[in-house]
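First comes the structure, then the notes that go with it.
The values are calculated or read from the model by the stated rules, or taken from the named source; none is laboratory data. As the structure is a prediction and not an experimental result, all values here were calculated from the model. Reconstructed Cβ throughout: ideal geometry from the backbone, glycine too, with neighbour counts over all protein chains shown. Accessible surface is based on the protein model in full, side chains and every heavy atom, while ligands, DNA and RNA are left aside. Shrake-Rupley method; radii C 1.70, N 1.55, O 1.52, S 1.80 Å.
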Amino acid sequence: MSTEQPRPTAGTEFSSTDPVDQVIHYHIQTKHHFNRYARSTGFLDWANQPDPFRRFAGAELLPLPLLKPEEEPVSPAYEAIYQPDAVASQPVSLQTLSRFFEFALALSAWKKGGETEWALRSNPSSGNLHPTEGYVVLPQIAGLDIRPGLYHYAPKEHGLERRAAFPAETLARLLAPFPPGALLFGLSSVHWREAWKYGERAFRYCNHDVGHALGSARVAAATLGWNLALLDGADQNTVAMLLGTHRVEDFAGVEPEHPDCLCVLWPRAHVQCETAQAKRVDAEIPLVLDAALVKELSQAPWYGKANKLSGEHGVHWDAIDQVADASWKVSRERYAVSDSVALAPGASRAMNDAGPPAGQIIRQRRSAVAFDGRTGISSATFFRILQRVMPRADRPQLERPMPWDLWPHAPAIHLMIFVHRVEGLTPGLYVLVRDLATLPLLQQSLNPELVWTQPPGCPGELQLFWLLEGDARRAAAQVSCHQDIAADSAFSLGMLAEFEGRLRQAGSWFYPRLFWEAGLLGQVLYLEAEAAGIRGTGIGCFFDDPVHEMLGVQGLSFQSLYHFTVGGPVEDRRMMTLPAYHHLSR
């Protein structure tokens, strides 16, 4: 369909049957504006606040061991997880599964204020509402005394609920194309958990959180020397069948789960060879599943019925159902990646490099609620943070820096950065181009009067450009729904996505992927801020079009999908912090 057709606007009748037009219509309809916000109830119905913990009544719960930080497997240094082959690969065991879920989706602490307690988790979430549910498909694995099948992760109990008894032989056939020891990791979303607070815009936030969870899972895997790759060649019906979200009888009368994605997770293979010369053996890994085998597995016995999360729902947001349907992935692509198995004489491992352990950084990650308006950072720290978000799209997927080796698509997100307090950099507006091939399109799409100058001391691999000089604090706060956290930080940013062109090229199913990539970026920024001794927080509330007008963006070539801010946090001393699993006896 021609991109020259009239664009739908909020509040107008819309009848296009083109799924791409439909997701674009949703995106426009759910923008915040200076004179009005996207539609929501405008108040919080506290009596019907959703339960943040899904359980399946009747499903057997397998508790995972609660490991102390010093217990095996010991977490490697934070810097080591970014170094290829630096972390020794651990076998799949009850202990390593426990550590994986602890770092990926578990509780990280409880906060208590007065009589109220609420949990924090390893994976961040919009409004701490946690719409994301995690699953794992376990085959028969030597040394792992768990029956094959599908398991739902219960974070409050730190355990696995057995949802389906998949036959070991059929499951082995499904996993045969993947490396030895592979298992599957899946994510779904309960849209209601976000819609309760944010109304129609909730679909955006749920997909941010999918990206956060993908990032936290990839980092968790890296601490164990495991790889993780997104199986984005699979169609969504296959994802639904494997995760059981299609089973109406298991979700009757309760909030449904939207099947988001599946990943393959496997221990990185390092085989010692007899010669002194290192070798590499390449193997192709498909990023798709055999749909017929998944359908066969779905006929296995299932267990458990989902709990109801809210007594009443009040308003039902049809726009969320419509965009979920319009962006449903019906296609199957033959994506594949080449995996290199290292054959080397006694390769060394960096389990105890200098610096804090990765587990410490993961456990202490928090979303800042306020910044002090004073703390700055050095340009070296700023550049180092930006280097972590560079996907190195010029490399084969599994040779890209972690966590970008999980992502099978060319980068679509670029950063518009408000620099406030970075030593050695002039305050003002900058842009980081994450894929050099997109630089001409960005320059063509933005205001032609902008200055494209690389700042002094900027590393050569960073395509960072200074656009406008001046104090950007007030502008940053204004476009971020007047939130001071965007101005009181060292820097804040908006994530600009290549938008309509990408959707027309790939299809409507790519709309959620844009938010996944933004959430994945946010997770990297969260951890990098902690590692730098400061703190970050995501900002989902911003005035969409005023952001675009600031840069002179015309039409829908680029759209801002997520904002983020990093600085010196102000701690609320009124709140008490409790251990993550103080409610469970060891």
Review point. Per the 1.4 Å probe, what fraction of the accessible area of the stretch 442-490, in percent, lies on carbon and sulfur atoms?
Key: 45
Practice item. Net charge near Ser122: determine it from the other residues with C-beta under 14 Å of the C-beta of Ser122, scoring Lys and Arg +1 and Asp and Glu -1. Key: +4
Point to revise | Whole-number accessible area per residue in Å² for the stretch 80-228, which is evaluated in the context of all protein chains at 1.4 Å | key: 24
Review point. Under 5 Å between amide H atoms, partner at least 5 residues away or on a different chain: which partners does Leu120 have, H built in plane at 1.01 Å?
Key: Ser108, Ala109, Trp110, Lys111
Review point. Sequence-distant or interchain residues sharing an amide H contact under 5 Å with Leu467, placed H: which?
Key: Leu429, Tyr430, Val431
Check your understanding: Tell me, what ³J(HN,Hα) does each residue in the stretch 24-31 have, in order and in whole Hz, if you take phi through Karplus 6.51 cos²θ - 1.76 cosθ + 1.60 with θ = phi - 60° and put x for Gly and Pro?
Key -> 5, 4, 4, 4, 5, 4, 9, 7
Check your understanding: If Lys and Arg each add +1 and Asp and Glu each add -1, what is the summed charge of the other residues whose beta carbon sits under 14 Å from the beta carbon of Gly552?
Key -> -3
Check your understanding: Sorted by accessible area with a 1.4 angstrom probe, largest first, how do Lys305, Lys111, Lys329 fall?
Key -> Lys305, Lys111, Lys329
Check your understanding: Which whole-Hz ³J(HN,Hα) couplings does the stretch 524-533 yield from phi under the Karplus relation 6.51 cos²θ - 1.76 cosθ + 1.60, θ = phi - 60°, glycine and proline marked x?
Key -> 4, 5, 4, 5, 5, 4, 4, 5, 8, x
Check your understanding: Can you work out ³J(HN,Hα) from phi for every residue in the stretch 388-404, in order, using Karplus 6.51 cos²θ - 1.76 cosθ + 1.60 and θ = phi - 60°, giving whole Hz and x for Gly and Pro?
Key -> 5, 8, 7, x, 6, 5, 6, 9, x, 3, 6, 9, 7, x, 5, x, 6
Point to revise | CD proxy at 222 nm, helix term only [per DSSP H run n ≥ 4: -39500 (n - 2.57); per residue of the chain; nearest 500] | key: -7500 deg cm²/dmol
Revision key, fill the gap. Sorted by chain and then number, the residues having a modelled amide H within less than 5 Å of the amide H of Asp260, at least 5 places away or on another chain, are Leu187, Ser188, Ser189
Revision key, fill the gap. The stretch 404-470: relative contact order from alpha carbon pairs under 8 Å, six or more residues apart, as a whole percent, is 33
Review point. Using a 1.4 Å probe on the protein chains only, how many percent of the accessible area of the stretch 1-157 belongs to carbon and sulfur?
Key: 52
Point to revise | Solvent-accessible heavy-atom area per residue, rounded to whole Å², over the stretch 438-508 at 1.4 Å | key: 44
Exercise for review: Between beta-carbons, use under 9 Å as the cut-off and find the net charge around Cys206, counting Lys and Arg +1, Asp and Glu -1.
Suggested key: -1
Review point. Which of these values of Rg and Dmax of the Cα atoms in Å was calculated from the structure shown: [x] 24.4, 87; [y] 23.1, 71; [z] 24.5, 79?
Key: [y]
Practice item. Could you sort out which of Lys112/Lys308; Lys156/Lys197; Lys112/Lys156; Lys305/Lys329; Lys68/Lys156; Lys31/Lys329 sit more than 19 Å apart by Cα distance in this structure? Key: Lys112/Lys308; Lys156/Lys197; Lys305/Lys329; Lys31/Lys329
Review point. What relative contact order, as a whole-number percentage, does the stretch 455-586 give when Cα pairs under 8 Å and 6 or more residues apart are counted?
Key: 32
